[in-house]
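**Q** Take a look at the following structure, please.
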Amino acid sequence: MGTVHARSLDPLPMHGPDLGMHPDDADLVEVEPETKQEVLENKDVVVQRVHVDGLGRTKEDLLGYEIADVFTAKNLIDVMKKSHEAREKLLRLGIFRKVEVVIDTSEGEDALPNGLDVTFEVTELRRLTGSYNTMVGNNEGSMVLGIKLPNVFGRAEKMTFQFSYGTKETSYGLSFFKPQPGHFDRNVSVNLYKVTGQFPWSSLRETDRGISTEFNFPIWKTNHTLKWEGVWRELGCLARTASFAVREESGHSLKSSLSHAMVIDTRNSAILPRRGTLFKINQELAGYTGGDASFLKEDFEIQLNRRLFWDSVLSASLWGGMILPIGDKQISIADRFYLGGPTSVRGFSMYSIGPQSEGDYLGGEAYWAGGLHLYTPLPFRPGRGGFGDLFRTHFFLNAGNLCNLDYGEGPKAHLKKLAECIRWSYGAGIVLRLGNIARLELNYCIPMGVQSGDRICDGVQFGAGIRFL
């Protein structure tokens, strides 16, 4: 429970060289300490004062929201519990390197017999911090360098500059983050960025320069994000052999969009959960605030996890989405859905399902994908209780489809088209959980339902990332 100190009220030992007293005097000091201990442990107490020591540039009014609940504690155990909760809130602000708690009896003229003082001893982060780490995305890795200015104006604001160099993507950006005092989950952020990515499955190179603003807030058990994004996109061919369909998409465009995301997540882990559910839905509307792109895009994600016998876990996932053009403007290749690869429908190459032209995959306007997985401990449980617990045996069945739609046909025709030519695969392998950062999979895959133009990976397939079907 963090570092919590409290002065002991136990009677002092009646022997030893440090006391300087005779055992016959013991009766003179027994009664008062026992009375105080009874007051603190078995009766109500009052938190009279809460101090925060070690503040520099942090404004005191910000911390008042985080520690207010300590004053409502009614007994010693409650004081310790609420002090620990307040400590966690202070650390969550991201402005302190260390927070310790000291609980003591009140002193002074106004001290009550059952009064307590709580002191939070804090150490602020430096004004400028740097970081270097590596990140794992969906089957790609990157090196990330960052510079942070925490607590810029004294109320948990944060300014960050980040540069990322990866196998398929290079980016840099500047962001400003501001939480609402007393409600850290409600926050606003502004981002300026430039991202250059390579998409070899489409022979496409894309450079985005943009600005975005986000507002995050919880409602009941859901978390919501409202976002506006304005981005100048530059599309080009990655190779001279790019198809004519990709060359047609090349050039500059401007997208301005409003989006909303809602998430309900009760999983115990986002990387390799053993229990809980995930429900996520996204909506994006482009064109009404300007720009060249004009569409309505909807997609969702559902995941259910249930623990079974012998420490095994059964997991089921379902993804789906659709994009509808608004007006006469065609949907850009950069806005369409893509499917296939070791993080979605295994047994197929990365994003190699659906419409294609001369070997370049163009994405689709609607898709769905489902997966059923069984995770079990390794046979004979090697390394149980240690490194071996990071590995799991994996059995899976995946299916999905991606296609373009004729919007004059109606919903029934759309569903019929999505139900045709279903790609599916099954197999087994080993999963390695890399803490709460990412996970690695090595599977033996058997693809089925292969259609003309699909690119398969029959046999061993390696995958790395955060989000898996």
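**Q** Report, ordered by the first and then the second residue, all pairs with beta carbons closer than 6 Å, sequence separation of six or more or different chains, a first member in region 131-154 that is under 12 Å from Phe176 (Cα atoms) and assigned to a loop (DSSP other than H, G, I, E, B), and a second member that is open to solvent by 60 Å² or more (accessible area, probe 1.4 Å) and not acidic (Asp, Glu).
**A** Listed pairs, sorted by first residue: Val152/Met159.
**Q** Here's something else I'd like to know. Mind counting the residues in region 265-294 that are in contact (Cβ under 8 Å) with a residue 60 or more places away in the chain, closer than 29 Å to Trp228 by Cβ and either among the polar types (S, T, N, Q) or open to solvent by 70 Å² or more (accessible area, probe 1.4 Å) (or both)?
**A** 1
**Q** Considering region 49-87 alone, what residues qualify as being over 21 Å from Glu107 (Cα atoms), of a type in the set (A, V, I, L, M, F, W, C) and assigned to a loop (DSSP other than H, G, I, E, B)?
**A** Hit for region 49-87 is Leu55, nothing else.
**Q** Residue by residue through region 106-130, note down the ones that are closer than 24 Å to Arg92 by Cα, open to solvent by less than 60 Å² (accessible area, probe 1.4 Å) and not in a loop (DSSP other than H, G, I, E, B).
**A** Once the filter is applied, which keeps residues that are closer than 24 Å to Arg92 by Cα, open to solvent by less than 60 Å² (accessible area, probe 1.4 Å) and not in a loop (DSSP other than H, G, I, E, B), region 106-130 yields Asp117, Val118, Thr119, Phe120, Val122, Thr123, Glu124, Thr129.
**Q** Let me ask something additional. Quick check on Trp220: is it more than 23 Å from Tyr361 (Cβ to Cβ) and within 21 Å of the chain's Cα centre (by Cα)?
**A** yes
**Q** So, one more: Test Arg423 against the stated conditions and say whether it is modelled with pLDDT under 95, of a type in the set (Lys, Arg) and under 25 Å from the mean Cα position of the chain (by Cα).
**A** no
**Q** In addition: With Leu397, Leu390 as the choices, which residue is within 22 Å of Ile353 (Cα to Cα), surrounded by fewer than 20 Cβ atoms within 10 Å (Cβ to Cβ), at pLDDT 85 or above and of a type in the set (A, V, I, L, M, F, W, C)?
**A** The conditions single out Leu397.
**Q** Here's something else I'd like to know. For region 226-264, enumerate the residues that are surrounded by fewer than 16 Cβ atoms within 10 Å (Cβ to Cβ), assigned to a loop (DSSP other than H, G, I, E, B) and of a type outside the set (Gly, Ala, Ser).
**A** Arg240, Thr241
**Q** I've got another one for you. Within 21 Å of Glu301 (Cα to Cα), assigned to a loop (DSSP other than H, G, I, E, B) and touching a residue at least 24 places away in the same chain (Cβ under 8 Å): is that true of Asn436 in this structure?
**A** Answer is yes for this residue.
**Q** Next up: In region 213-221, is there at least one residue being under 24 Å from Ile333 (Cβ atoms) and surrounded by fewer than 14 Cβ atoms within 10 Å (Cβ to Cβ)?
**A** Checking region 213-221: not a single residue is under 24 Å from Ile333 (Cβ atoms) and surrounded by fewer than 14 Cβ atoms within 10 Å (Cβ to Cβ).
**Q** Given the residues Asp335, Asp311, Asp360, which is the only one that is crowded, with 22+ Cβ neighbours inside 10 Å, touching a residue at least 24 places away in the same chain (Cβ under 8 Å) and among the charged types (D, E, K, R)? Spell out the reasoning first.
**A** Values: Asp335 fails: crowded, with 22+ Cβ neighbours inside 10 Å; Asp311 fails: crowded, with 22+ Cβ neighbours inside 10 Å.
Asp360 is the lone residue from the list that is crowded, with 22+ Cβ neighbours inside 10 Å, touching a residue at least 24 places away in the same chain (Cβ under 8 Å) and among the charged types (D, E, K, R).
**Q** Okay, moving on. If a residue has to be modelled with pLDDT of 90 or more and open to solvent by 70 Å² or more (accessible area, probe 1.4 Å) to count, how many in region 26-59 make the cut?
**A** The number of residues fulfilling the criteria is 3.
The values are calculated or read from the model by the stated rules, or taken from the named source; none is laboratory data. Quick caveat: nothing in here was measured; it's all calculated off a predicted structure. In this analysis, Cβ positions are derived from the backbone assuming ideal geometry, glycine residues included, and neighbour counts consider all displayed protein chains. SASA here: full protein model, heavy atoms, side chains in, ligands and nucleic acids out. Shrake-Rupley method; radii C 1.70, N 1.55, O 1.52, S 1.80 Å.
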